[in-house]
Amino acid sequence: MAPDPSSPPPLPGRGEYWGIPVHGLRFAPPVATTLCPFGAYPDSFWLAAGASPFFPQFRLYTESPMQNFKPFAIHYLNDWIRYDSGFVEGLSMSKPRADRLRCLSSAAGFYGVARTLPSIEEPERLGTALDSLDAMRGPIVEEAVDSTVVDLASTFQRSYGKYAISAASKFLWIRFQSPIVIYDSQVFWSLRENSSTQLAEGYYEPYRKEWLHRFADCKEAILSACIELVRAKSFSFAHSMPDDELMGLVSERWFHERVFDKYLWSGGSE
């Protein structure tokens, strides 16, 4: 008996198929249908495990990308395992200063903000930036986020000659996570394109306000996508993490916020 075509594929271990989301299209087990020529579809699609577009036992149907955060959830989970977890640990105040400085340099390169902090006369490259970050004591409360990020960017301007708002927000996020919202130029253009207000580039407070407004509309869908990561972990770099530990990780608000960053980043301008 053919499965109900209106139902999503069962989870791994509970059926024959697993839908892997990528930008809103997917193959699913159907009743008999004719598969359209593969070249007519974009490269981004949902593909059931073991399926091939060249076999007609799978049909193609659409799902709104606005409601599908699963690809971005697994994307950020992989980024957390490979990169951000190391940055967060390495920049902890419990680490020796030399270790924190190496970590800050690596994070600045990874996040593409090293160029916004030009070389100056200082004993160690980015040593002044690290000292400025270390001077920001936490925890950071919601009401103080805007002023904290702007203050650090202003300090960078005095030291390095550039108002490095993106670098300030990214370094602060690594140190404190939520409620810091990362300022990213790609995300800025995505927000501006879909905003009812004209956001001005480089201004953190209106950027964060619009970001939070958009996040509030999506947070339940993001939570749902993140919870499913526990059952999909074999597809990720978290495959060996115990389920309870992984559930704790993907239930954190800051994790959901970074998933939303990935989603927004994918919709920004080049």
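The values are calculated or read from the model by the stated rules, or taken from the named source; none is laboratory data. None of these values were measured; they are calculated from a predicted model. Positions of Cβ are generated from backbone atoms using ideal geometry, with glycine treated the same way; all protein chains shown enter the neighbour counts.
Restricting the range 242-270 to residues that are part of a loop (DSSP other than H, G, I, E, B) and without any contact (Cβ under 8 Å) to a residue 60 or more places away in the chain, which is nearest to the chain's Cα centre (by Cα)? If you could, list the steps in order and put the result at the bottom.
Of the residues in the range 242-270, the ones part of a loop (DSSP other than H, G, I, E, B) are 242, 251-252, 267-270.
Still in the running and without any contact (Cβ under 8 Å) to a residue 60 or more places away in the chain: 242, 251, 270.
On the way: PRO242: 22, SER251: 14, GLU270: 17 Å.
This residue is SER251.
Here is a check on your reading of the model: is ALA129 touching a helix residue (DSSP H, G or I) at 6+ places or on another chain (Cβ under 8 Å), part of a helix (DSSP H, G or I) and either in contact (Cβ under 8 Å) with a residue 12 or more places away in the chain or not acidic (Asp, Glu) (or both)? Don't jump to the end; show me each part of the working.
On the way: touching a helix residue (DSSP H, G or I) at 6+ places or on another chain (Cβ under 8 Å): yes; part of a helix (DSSP H, G or I): yes; either in contact (Cβ under 8 Å) with a residue 12 or more places away in the chain or not acidic (Asp, Glu) (or both): yes.
Yes.
For TYR163, work out the one condition from (1) in contact (Cβ under 8 Å) with a residue 12 or more places away in the chain; (2) under 21 Å from the mean Cα position of the chain (by Cα) it doesn't fulfil.
(2)
Just checking, which of ARG231, ARG192, ARG258, ARG253 is charged (D, E, K, R) and either at pLDDT below 95 or not assigned by TED's automatic domain parsing to the domain that holds ALA167 (or both)?
Working: ARG231 fails: either at pLDDT below 95 or not assigned by TED's automatic domain parsing to the domain that holds ALA167 (or both); ARG258 fails: either at pLDDT below 95 or not assigned by TED's automatic domain parsing to the domain that holds ALA167 (or both); ARG253 fails: either at pLDDT below 95 or not assigned by TED's automatic domain parsing to the domain that holds ALA167 (or both).
Among ARG231, ARG192, ARG258, ARG253, only ARG192 is charged (D, E, K, R) and either at pLDDT below 95 or not assigned by TED's automatic domain parsing to the domain that holds ALA167 (or both).
Of the residues SER106, SER169, which single one is in the same structural domain as TYR203 (by TED's automatic domain parsing), crowded, with 22+ Cβ neighbours inside 10 Å and under 23 Å from the mean Cα position of the chain (by Cα)?
SER169
Working carefully through the options GLU245, GLU252, GLU257, find the one that is surrounded by 15 or more Cβ atoms within 10 Å (Cβ to Cβ) and closer than 21 Å to VAL88 by Cβ.
Numbers: GLU245 fails: surrounded by 15 or more Cβ atoms within 10 Å (Cβ to Cβ); GLU252 fails: surrounded by 15 or more Cβ atoms within 10 Å (Cβ to Cβ).
Of the residues listed, the single one that is surrounded by 15 or more Cβ atoms within 10 Å (Cβ to Cβ) and closer than 21 Å to VAL88 by Cβ is GLU257.
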